[in-house]
Amino acid sequence: PCPPLTPLPSAPLQDIRNTVGNIPMEWYQDFPHIGYNLEGKRIYKPIRNKDELDMFLEKMENPDYWRTVQDKMTGADIKLTDEQVDLVHRLQKGQFGDVHFNPYEPAVDFFTHEVMIHPVTNRPADKRSFIPSLVEKEKVSKLVHAIKMGWIKPRKPKDDAPTYYDLWAHEDPNSILGRHKMHVPAPKMKLPGHEESYNPPPEYLLSEEEKLAWEQQEPAERKLNFVPQQYGCLRAVPAYSRFIHERFERCLDLYLCPRQRKMRVSVDPEDLIPKLPKPRDLQPFPTTQALVYRGHTSLVRCLSVSPSGQWLVSGSDDCTVRFWEVCTARCMKTLPVGGVVKSVAWNPNPTICLVAVCVEQSVLLVNPCLGDKLLYGATDQVLESYVAPEEERVQPVQWVMAAVEEHSKGVRLVVRHSKAVKQVTWHGKGDYFASVVSDNSNMQVLIHQTSKRWSQNPFRKSKGLVQCVLFHPIRPYFFVATQRYVRVYNLLKQELTKKLMTNCKWVSSMAIHPGGDNIICGSYDSKLAWFDLDLSTRPYQLLRHHKKALRSVAFHKHYPLFASGSDDGTVIVCHGMVYNDLLQNPLLVPVKVLKGHALTLDLGVLDVLFHPTQPWVFSSGADGTVRLYT
C-alpha cells in the first residue's frame, strides 16, 4: 500500500498567482515580466542586477544564504522554513516525505491463509470469459489482409551454403594476370663453343702447365668448368661425367635465382643541379681591380680600414705599417715599428682615431693623425686624461706610455705581453680589445680596456691552440677559434654557450655576419664552413671553391656579401643572403673570382677586407701589394 502523500509545508499565501502554467520559464528570459496574474496583468520580474561581487558578498554576509532559493514562477527569492529544509534532507536520504509515516507497520492479513468453505466473492463469471474476443478477431483479420497484400513477409529460411568460393570464377580469361605481366623468362644457357667439341682445334687444347694451373684454381675462379679433350671419332667419346651435376645446377638456377624487372627512372641530370640565381641578379659585388697600393717591400700580412672608409692601414713583414688614402692609393704615412707586423685593427668607434698594431711581443696603440683634426685631437685628450689608480694592480701585461721619439711618430701606448702577439681585434664599442698570444698556456687570450688601462685573462685553463678571436657585433658573446672548434662564450654569465664543430683540420680565420647569427670559418685544408648559430653546431654548408689553403675570410657590414682569400692567389666573392624569416635557409651563391696577386714563396692572398660602406673588397698579398676591387 502506498504511503499517503504529504503536501509541502505551505508558503504564506500570495496575492500574485502566476497563471502561465507548466511551461519552460526560459521563454520569458528576454522580457521584463515573468507571466500574468488572475486579472491578466503582467507580473514584473524583481529588479535583479546583482553581479558576481554582490553575490559573493551576500554569500559571505547573509547567514540564510544557504536556505534561500529562487522561485522560477515569480522570480522572487524565498527563504525555506525548517520543515521544508527537513523535508529536502529526508528526500535526499531516500526516506519518505511524511515524518509520521512508518514503512515497517505489521502487515494486515486481508485474505487468510486458511482455506475457508465459503468463497470470499461469489460473483458469477463474466460473459466475456467464454465468448471469442471481437478485438482479437479484428486484429487477426488485419494481419491476414497484410500478409495477402504482401506487406508482411515470412522470415527467410537460413542459408546453409558454404562460405568459401572460387577466387578466379569470374576472371576474364583474356586479361593478363599481374603475376604473368611481371614474369621474367629465365636466361637461356650458353650455347657450346669450339672448346666443347669432341675434336677441337689445337689452340683450344690445354698444355701440361695450363692443366696444372687449372687444377690448382678454385672452382669459382675457372674460366671453363671442364678440360677440352680430343677424340678421333664420335664413337670414342665417353659419357659426360658432369651431366647430372650440370642439370641439377641448371634446375637450381631456374627456381632459386630471383629475377626481377628493374624499373628504370628517367631523371634529367639538369634537374639534380640546384637552381641558383644568376650572378647579374645579385649585384652589386666587386668585379674588377681598380687600384693597387704599392710601397711595401715584403709580404703584406694584414689590413684594416677606418670606420669612415677613407683610410686604409696595412702591416707587412718589412717591419712597417703604412696608412693609405683609399680613393687615391696614396701612402699618407709610413710607421717603422722594428718587427714583423702580424695584425692591425682600426678602432670601429667613429669618434676615436686609434689603430692597434701587433709587433712581436707588444700591441701598439697608434693615433695616425689623419682626417679630422678635432677627432684625432680629442682621441689624444682622452688618452692623456687617464688617472692611474692609487693601488698598483697585478696584470698579465704592462701598459707603458710611448717614449718621446715614438710619440712623435704617432704611437701613444704600448701594451707589453710575455710572448709574441699574433692577433688583435676590437669590440664594437671601441673601448675593449682582445689579443691572442702564441703560447700554449691559459694566457693565450687577453681582454684589455683602453680607458682604464686594465687587462684581464678571461680563461682559467687552455682548451687548445687558439687561432683567432672575435667579439659579437651586438650581444655580449666572445668567439674563440681553436684548431678544430669554435667556442662561443657569454661574457656576462661567464660561461660556455656553444661549441661549434668546424669539420676542418686547422681553422685559419673567422668572420661574423653583422646580424650576429651566422659565422664563417676559413681553414688551411681549403674549406670554408658557414655556421647558422640558431640551426646547429655543425656547418650549414662547407664550400670547397679554393684549390689551396684559405688565409682570410670577411663579411660586408651592409651588403649580403662575404669573401675568402687563398694561397692560390684568388679572392672569391660570394653572395650570402640571410633572411629575416627563420624558416628560410641562407642563400649562398659564389658570384666572382678575383685574380691579380702573383704567387710568392707559395703564398697568395694573406688578408681580405670589405669597405665599410661600398661594395668594394681589399686584398693584401705575398707579392707586397694591396689591391682594391670595385
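The values are calculated or read from the model by the stated rules, or taken from the named source; none is laboratory data. Being a predicted model, the structure only gives us computed values, none of them experimental. Reconstructed Cβ throughout: ideal geometry from the backbone, glycine too, with neighbour counts over all protein chains shown. Only protein heavy atoms, including side chains, enter the accessible area calculation; ligands, DNA and RNA are left aside. Shrake-Rupley method; radii C 1.70, N 1.55, O 1.52, S 1.80 Å.
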- Per-region count, region 578-630, residues in contact with a helix residue (DSSP H, G or I) (Cβ under 8 Å, 6 or more places away or on another chain) and hydrophobic (A, V, I, L, M, F, W, C): 2
- Message: Among the residues that make up region 322-338, is at least one of them in contact with a helix residue (DSSP H, G or I) (Cβ under 7 Å, 6 or more places away or on another chain), in contact (Cβ under 8 Å) with a residue 40 or more places away in the chain and hydrophobic (A, V, I, L, M, F, W, C)?
- Response: yes
- Item | region 256-296, subset over 29 Å from LYS592 (Cβ atoms) and among the basic types (Lys, Arg), residue least open to solvent (accessible area, probe 1.4 Å) | ARG259
- Item | Subset tally (residues that are outside any helix (DSSP H, G or I), surrounded by 11 or more Cβ atoms within 10 Å (Cβ to Cβ) and without any contact (Cβ under 8 Å) to a residue 24 or more places away in the chain) for region 78-98 | 3
- Query: Of all strands (runs of 3 or more DSSP E) completely enclosed by region 454-569, which ones contain at least 1 residues that are free of Cβ contacts under 8 Å to residues at least 40 places away in the same chain and buried (at least 16 other Cβ atoms within 10 Å of the Cβ)?
  - Reply: 477-481, 485-490, 495-501, 518-523, 528-532
- Query: Do we have ARG235 as open to solvent by 100 Å² or more (accessible area, probe 1.4 Å), within 19 Å of MET189 (Cα to Cα) and without any contact (Cβ under 8 Å) to a residue 24 or more places away in the chain here?
  - Reply: no
- Message: Anything in region 100-145 that is closer than 30 Å to ASP82 by Cβ and either surrounded by fewer than 10 Cβ atoms within 10 Å (Cβ to Cβ) or free of Cβ contacts under 8 Å to residues at least 60 places away in the same chain (or both)? List them, or say none.
- Response: HIS100, ASN102, PRO103, TYR104, GLU105
- Within region 390-415, tally of residues that are at negative phi and either in contact with a Gly (Cβ under 6 Å, 6 or more places away or on another chain) or open to solvent by less than 60 Å² (accessible area, probe 1.4 Å) (or both): 12
- Out of curiosity, is HIS194 farther than 30 Å from PRO258 by Cβ, of a type outside the set (D, E, K, R) and surrounded by fewer than 10 Cβ atoms within 10 Å (Cβ to Cβ)? no
